[in-house]
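Student: Can you keep this structure in mind? I'll have questions shortly.
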């Protein structure tokens with residue numbers, strides 16, 4: 001078959017196949033054009049999932065009649081300076097979006113140049129360009145796309161449901177809104193406004209407010225500001241506390257020079273930055289903004305401009321990791337506020353219920369326990385049980401019944417709590433429940449701490465600090481402990497003897513399938529050496545041989561910390577409980593254990609009072 005030149009219509013439709021994948025792609029191109037035009041207010045309206053109608057209106061600089069005629073021609077753009085593809089400072093630059101859209105749909109553009117006296121309009125109907133005509137419009141641009149893919153009906157078979165297409169459009173608008181908080185956005189899908197975002201200040205507070213509107217109030221409450229800069233690369237934004245996580249990575253966003261992009265670089269950076277503070281299979285919430293010299297960046301990698309390529313990706317990744325870790329360490333013991341809210345939510349009344357004989361019995365049990373609590377405790381402020389039972393749900397009564405059967409294992413102090421401790425973030429210890437949970441009191445909250453999980457994190461952080469400083473202090477055993485592991489386990493420990501030595505454990509082969517443990521980390525104190533060594537063997541066997549030494553050491557250190565921590569079931573004195581709370585306040589990442597679970601929950605007194613109907 002001889003080679004022939006394709007027609008302009010076919011060329012445009014091929015380009016449209018690259019640029020316009022679905023209605024959301026059209027919205028992305030049009031909103032990016034509006035932002036490039038300096039718009040401060042953008043409205044997006046869709047119908048039929050965007051297939052019937054897409055209308056984008058903005059208050060940007062608009063166009064003259066001459067520019068309007070050119071904007072629907074292929075490769076006509078105002079966004080390239082001296083045609084330098086390595087100095088792109090706008091979101092669009094190819095000049096393909098409008099002619100591509102016009103080749104597969106009916107495209108109408110109405111615009112008036114800022115400062116102009118009259119508006120103008122043009123229609124491109126499935127590739128056929130109409131004349132420029134006068135039109136009434138305030139300054140700015142309004143673009144309507146109807147009957148999308150009517151010129152390529154085969155593409156319609158690949159469209160999803162109207163709801164799915166609306167969600168895709170919403171996602172595009174949200175990402176652009178996050179990248180440009182100074183711009184107001186309104187999204188109307190069908191007949192209702194699904195998104196309305198007022199313009200925010202172009203500073204960190206304004207950005208956080210915009211992120212909170214999109215990522216949720218939980219993120220707003222638990223976000224940490226990120227800032228890092230080196231070699232002309234600046235990383236800013238916000239990252240959630242480790243205990244604020246999701247089962248997927250849908251709440252992880254990366255923006256480069258104001259452009260929303262999807263890059264695997266951020267996935268690896270987050271994994272390295274959060275490390276062992278997030279449970280496996282869970283993903284933290286982050287929004288990172290990278291600013292870099294455009295000449296150090298290639299945005300022309302993908303037709304849809306959703307991917308970029310950094311000239312020095314290693315530097316960008318390093319700055320991301322350092323900035324996030326610095327913020328997490330600065331957060332200290334903080335854990336997600338959601339934990340306390342979820343705890344309160346489980347106790348909220350479902351429907352009013354009249355007091356019953358069972359209810360009265362439950363309150364009787366609670367009353368007998370409250371009597372043993374010091375008069376300074378918040379419990380002494382509760383009114384008569386008979387006046388406050390009404391409205392409690394069944395789960396609440398079950399919880400109080402369980403409490404009445406076990407009660408507090410120990411009261412922290414017979415005297416009123418010290419004022420200075422009450423002002424501490426984790427408060428003053430008041431009691432220990434089930435020989436596992438420490439209950440402390442602050443000025444405006446009740447804090448419940450899992451003593452084993454908290455101490456496990458403290459020991460782990462000390463072990464990691466010792467590793468960084470050159471090795472873990474060891475203590476010799478008076479009599480070596482012989483541990484039977486089987487040949488595979490014994491051989492594994494023997495092969496890792498040097499790494500274990502760094503962690504303060506000295507173990508030698510002792511006959512077939514056994515090792516003799518002669519020294520253990522001094523930090524662990526009187527620990528179950530046999531159980532520790534068996535768990536370490538399992539941990540090492542489960543680690544891949546190609547994992548980094550640091551990763552292997554930290555995994556083993558985590559296992560050691562579990563054995564060296566205060567176990568559930570151990571009674572603590574008042575001074576021990578308060579010492580644990582103070583150490584948590586001074587230790588980074590102590591808001592979550594080595595497995596990423598929260599070490600404490602904080603119940604605000606105002607929420608508790610609402611639970612009891614006092615507010």
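Student: Which whole-number percent is the relative contact order of region 204-330 (Cα, under 8 Å, 6+ apart)?
Tutor: 30
Student: Work out the FRET efficiency for residue 248 and residue 487 from their Cβ-Cβ distance, taking R0 = 56 Å, and round it to the nearest 0.05.
Tutor: Calculated value: 0.85.
Student: Could you grab the Rg to Rh ratio for region 476-523? Cα atoms only, Kirkwood for Rh.
Tutor: The Rg/Rh ratio comes out at 0.96.
Student: Equivalent-ellipsoid semi-axes (√(5λ), Cα gyration tensor) for region 204-330, whole Å, largest first?
Tutor: 23, 16, 15
Student: Return one quarter of the surface area of the convex hull spanned by the alpha-carbon atoms of region 8-197, equal to its mean projected area, in nm².
Tutor: It is 10.5 nm².
Student: Multiply the residue separation of residue 495 and residue 159 by 0.36 nm, subtract the distance between their alpha-carbon atoms, and state the gained length in nm to one decimal.
Tutor: 115.3 nm
Student: Once a ≥ b ≥ c are taken as the square roots of the eigenvalues of the Cα gyration tensor of region 87-155, is the result rounded (a/c under 1.5), prolate (a/b larger than b/c) or oblate (a/b not larger than b/c)?
Tutor: Taking the square roots of the gyration eigenvalues as a ≥ b ≥ c, region 87-155 is oblate.
Readers should treat all values here as calculations from the given coordinates under stated rules, not as data from a laboratory. Remember, it's a predicted structure, so these values are computed and weren't measured experimentally. Cβ coordinates were reconstructed from backbone atoms using ideal geometry, including for glycine residues, and neighbour counts include every protein chain displayed.
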